[in-house]
Structures are given as C-alpha cells and as structure tokens.
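Notes follow the structure.
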Amino acid sequence: MAAASTSDGAAAPVVIERVTVLDGELDASVRVTDPRWFRTSAVPGLAEEALRVLPGLVRHRCDCGSAHGIAAELADTEVPHLLEHVALELAVLAGSPRTLAGRTRWDFARDGSGVFHVLLEYDDEAVALGALHGGVRVVSALLGVGEMPDVAEETRRLGDARAAKR
Ligand SMILES: [Zn+2]
C-alpha cells in the first residue's frame, strides 16, 4: 500500500509502509522519506494552515507535555505526530468519537531511520484506514507536495462507508 510518489509525480514526503490491525487500534509504519521532512518546523506557517483546513484540531490534546497548546505543538513536532492528529480529526469528521486517542513513537535503531509508528484507536476499522490514507495526503499537501484533498468530500465519503454497513 506504499505510494512512491504523489499523483503529480513529486516524491511523497510520507509513505505508509504497513498497517497492522490490532484490537481497537491501528499500528501504521510510516516512513518519512527525507530527513528534511522529519519536523513540521521545516514549513513556516504549517500549523496555521493545518488549523485552517481542519479547525477541529484546536480541540485536540497532547500527552507530550507541551504547555504551549496544540498550535505551537504542531508547528514544531515530528511530521508523523502531525499525521496522527490529522488522521484522528478526519475520523472524527467521518463520525468517529472524539475520545479516540493516538500515539506516535519511533525506534530508529530497530526500524530504520525515518520509520515511525502511528497508533490510532478506532471505532470503525475502514474509517480509520481511510482517515490514515487521507491524512497522508493532507500532510503531504501541508508540506507543499501534491494537492490538498477536499476534506469535506473525503470525510463525507468515509462517513457514508460507515453508514452503509449499518
Ligand atoms: Zn499529540
């Protein structure tokens, strides 16, 4: 399920290498393809743009100990940590409860440099997977690579997929 490039041919900054479905949680191996994309601070104004595209991010809380609030946290953090929050927010917009949590961790010595694990709790596996993939496109666009997806359309489609199963 890895994509080596975006639809316009530019190198993808973030690639999902593997997703393991655990009980109630996805474990996504996410590779940041170039060290220059490791941190969101590579792109000035990225957090403001993220909050413009996904205003609900302002309601997120982090266990990372930052006393500065989510905007400051997202302005200077690991790009996969941003992906964690973006994917959770997309899932919320597709009808998942806001109480679902995520975690981002990494062990470069074990997994290789640039490989992060983004763990996402889910209530609906398909919605979470869709939110993860949509999140990669949103984060890529925030990094200046590829088109920003139509978030309203994406999340409506994800929500419909959930509703269709009921
Ligand atoms: Zn966080």
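Throughout, read-outs are computed from the coordinates displayed, never taken from laboratory work. Please read these numbers as outputs of a predicted model, since none were measured by experiment. As a convention, Cβ positions derive from the backbone with ideal geometry for all residues, glycine included, and neighbour counts pool all protein chains shown.
Just the residues that are within 13 Å of V19 (Cβ to Cβ) and of a type in the set (D, E), please, taken from the stretch 82-130.
E125 - this is the single residue of the stretch 82-130 that is within 13 Å of V19 (Cβ to Cβ) and of a type in the set (D, E).
Provide a single number: the residues in the stretch 138-166 that are part of a helix (DSSP H, G or I) and surrounded by fewer than 23 Cβ atoms within 10 Å (Cβ to Cβ).
14
Find the residue count for the stretch 87-129, including only residues that are over 15 Å from R157 (Cβ atoms), among the acidic types (D, E) and crowded, with 16+ Cβ neighbours inside 10 Å.
The total comes to 2.
Among (1) in contact with a strand residue (DSSP E or B) (Cβ under 9 Å, 6 or more places away or on another chain); (2) not in a helix (DSSP H, G or I), there is one condition E84 misses while meeting the rest; what is its number?
(2)
Please count how many residues of the stretch 72-81 are surrounded by 14 or more Cβ atoms within 10 Å (Cβ to Cβ) and over 14 Å from the mean Cα position of the chain (by Cα).
The qualifying residues number 3.
Of the residues R39, R52, R105, only one is of a type in the set (K, R) and within 12 Å of the ligand (Cβ to nearest atom); which?
Checking each option against the conditions leaves just R105.
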